[in-house]
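Nothing in this text is a laboratory measurement; each read-out follows from the coordinates by a stated rule. What you are looking at is a predicted structure, and each value in this text was computed from that prediction instead of being measured. As a convention, Cβ positions derive from the backbone with ideal geometry for all residues, glycine included, and neighbour counts pool all protein chains shown.
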Amino acid sequence: MFISVLVTLCHLVSPGIEGCVEEIITDSTRDETLTMQSCLMGEAYVTKWKLEHPTYSSNGWRLAKWGCRIGNKPSPDPKGRA
């Protein structure tokens with residue numbers, strides 16, 4: 001089963017306006033030990049990824065959320081569009 005760990009990071013673009021990006025930080029093809037159970041305890045994956053990507057560890061970026069995705073499909077559009 002294909003599983004991926006995702007993060008959403010947001011940066012303050014200008015006062016009151018944030019720009020956010022979603023990144024896949026690892027998946028079961030890159031890490032054979034990744035299971036749904038380990039994904040649900042994904043703080044370790046997020047911490048390791050942030051240490052390896054200093055751009056997102058500083059300069060006003062903040063972790064908005066992280067999660068697990070089963071399968072190989074895009075995230076749903078938050079505005080409900082297809």
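For region 41-69, the candidate set comprises residues that are of a type in the set (A, V, I, L, M) and in contact (Cβ under 8 Å) with a residue 12 or more places away in the chain; within that set, the residue that is surrounded by the most Cβ atoms within 10 Å (Cβ to Cβ) is 46. Taking the numbered list (1) β-branched (Val, Ile, Thr); (2) out of contact with any strand residue (DSSP E or B) (no Cβ under 8 Å at 6 or more places or on another chain); (3) closer than 16 Å to residue 71 by Cα in turn, residue 47 passes all entries but (3). Search region 2-41 for residues being part of a helix (DSSP H, G or I) and of a type in the set (A, V, I, L, M), and hand back the single one that is farthest from residue 52 (Cα to Cα). Taking the candidates together, the pick is 36.
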